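The values are calculated or read from the model by the stated rules, or taken from the named source; none is laboratory data. Given the structure is predicted, the values throughout are model-derived calculations rather than measurements. We place every Cβ from the backbone using ideal geometry, glycine too, and count neighbours over all the protein chains shown. The area values use the complete protein model at the heavy-atom level, side chains included, leaving out ligands, DNA and RNA. Shrake-Rupley method; radii C 1.70, N 1.55, O 1.52, S 1.80 Å.
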Amino acid sequence: MSSLAVSQAEPVAGTAPGTAPGTAQGRPPLRRRIALIPTASLLLGAIYCLLPVAWVVIAATKSGRELFSTFTFLPGTGFADNFQDLSAYRDGVYWSWMGNSALYAGLGALLSTCVSAFSGYALAIYRFRGRETIFNVLLAGVLMPPVILAIPQYLLLAKADLTDSYLSVLLPQILSPYGVYLARIYAAAAVPADVVEAGRMDGASEWRIFTRVALPMMIPGMVTVFLFQFVAIWNNFLLPYIMLSDDEKFPITLGLFTLLEQGANTPALYTLVITGAFLAVLPLVALFLVIQRFWSLDLLSGAVKS
């Protein structure tokens, strides 16, 4: 019996003490290796998304000669000249395109956020006939591709003689089914029914309850809706392409597209297109950084007030 116990206590030859037989010394356990798979997948996804951005940043620094003759990820020396040429192109039409995009995206996202807040709050708090039907229709709108709606929207605005105007790009962006969906979900989770009932018992009107009680609780969600809608409008190409014909009203996406088309006959314009694409990304990065700061503050203040 004693010899059997000793033999069981002794480690098998070729293994370290405390390790099971058949386990290689120093190799991490299987569960830990499997846990690395999501991290590796996210890293590959980040590389896939950031590689084109890195190319645009580096290519914007190259002159026309360096763009086609040097290594892809080798910085150049022509960014200042590219910036001056882009600003001087057609008396600075690029900055008109940038201003138009800021108008479309800023005003459109703000109006869309307000409509989403009103609609989402009403669908989450009030009980009325047809509420679920309306919400299901909104879900169908979320699943519907924008390409399907572009032509009907053009025909409707053409009947109203609003095509080739700023309103033709702004009006279709005000109602966002996805924004209403997010606002409804967030309002249902962030605005307690007891708080609304307490406001009614105190004699507050429905408008006052919404603006003074519910809306501050919904601010983090509305910031998210504003950010999503701003990015969607800023990057929108199809709707302005269909609605607008005057290039003075083009957003930055459509303006760069026309510049790229001209670059087929004038290769020197390629550097302007790349520099313009690089500059067009900067407002989105700055907006995300600023909104992320207020996003965190709103979440913290909401937690403290609750």
How about segment 127-236: which helices (runs of 4 or more DSSP H) wholly inside it have at least 2 residues that are under 23 Å from residue 293 (Cα atoms)? 177-190, 215-234
For residue 228, state whether it is crowded, with 17+ Cβ neighbours inside 10 Å, farther than 23 Å from residue 88 by Cα and aromatic (Phe, Trp, Tyr). yes
Residues that are farther than 16 Å from residue 237 by Cα and crowded, with 21+ Cβ neighbours inside 10 Å, drawn from segment 95-107: none
Extreme residue, most open to solvent (accessible area, probe 1.4 Å), among residues of segment 152-173 that are under 21 Å from residue 115 (Cα atoms) and hydroxyl-bearing (Ser, Thr, Tyr): 166
Looking at (1) surrounded by 15 or more Cβ atoms within 10 Å (Cβ to Cβ); (2) more than 21 Å from residue 182 (Cβ to Cβ); (3) without any contact (Cβ under 8 Å) to a residue 24 or more places away in the chain, which one does residue 122 not meet, given that it meets all the others? (2)
Which residue out of 200, 184, 131, 127 is open to solvent by less than 60 Å² (accessible area, probe 1.4 Å), among the charged types (D, E, K, R) and free of Cβ contacts under 8 Å to residues at least 24 places away in the same chain? 131
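Residues are listed down the side, and each one gets a yes or a no for (1) in a helix (DSSP H, G or I); (2) in contact with a Lys or Arg (Cβ under 7 Å, 6 or more places away or on another chain); (3) at pLDDT below 90; (4) at negative phi:
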{"residue": "68", "(1), (2), (3), (4)": "yes, no, yes, yes"}
{"residue": "80", "(1), (2), (3), (4)": "yes, no, no, yes"}
{"residue": "95", "(1), (2), (3), (4)": "yes, no, no, yes"}
{"residue": "98", "(1), (2), (3), (4)": "yes, no, no, yes"}
{"residue": "105", "(1), (2), (3), (4)": "yes, no, no, yes"}
{"residue": "110", "(1), (2), (3), (4)": "yes, no, no, yes"}
{"residue": "120", "(1), (2), (3), (4)": "yes, yes, no, yes"}
{"residue": "123", "(1), (2), (3), (4)": "yes, yes, no, yes"}
Give me the residue from segment 260-291 that is farther than 17 Å from residue 67 by Cα and touching a residue at least 60 places away in the same chain (Cβ under 8 Å) and, out of that set, most open to solvent (accessible area, probe 1.4 Å). 288
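Condition test on residue 77, is it β-branched (Val, Ile, Thr), without any contact (Cβ under 8 Å) to a residue 12 or more places away in the chain and more than 13 Å from residue 279 (Cα to Cα)? Reasoning before the result, please.
Details: β-branched (Val, Ile, Thr): yes; without any contact (Cβ under 8 Å) to a residue 12 or more places away in the chain: no; more than 13 Å from residue 279 (Cα to Cα): yes.
Considered against the rule, which asks whether it is β-branched (Val, Ile, Thr), without any contact (Cβ under 8 Å) to a residue 12 or more places away in the chain and more than 13 Å from residue 279 (Cα to Cα), residue 77 comes out as no.
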Looking at (1) closer than 30 Å to residue 216 by Cβ; (2) without any contact (Cβ under 8 Å) to a residue 60 or more places away in the chain; (3) out of contact with any Pro (no Cβ under 7 Å at 6 or more places or on another chain), can you tell me which one residue 88 breaks? (1)
Among the residues of segment 38-58, which ones are open to solvent by 50 Å² or more (accessible area, probe 1.4 Å), under 22 Å from residue 76 (Cα atoms) and not aromatic (Phe, Trp, Tyr)? 50, 51, 52, 53, 57
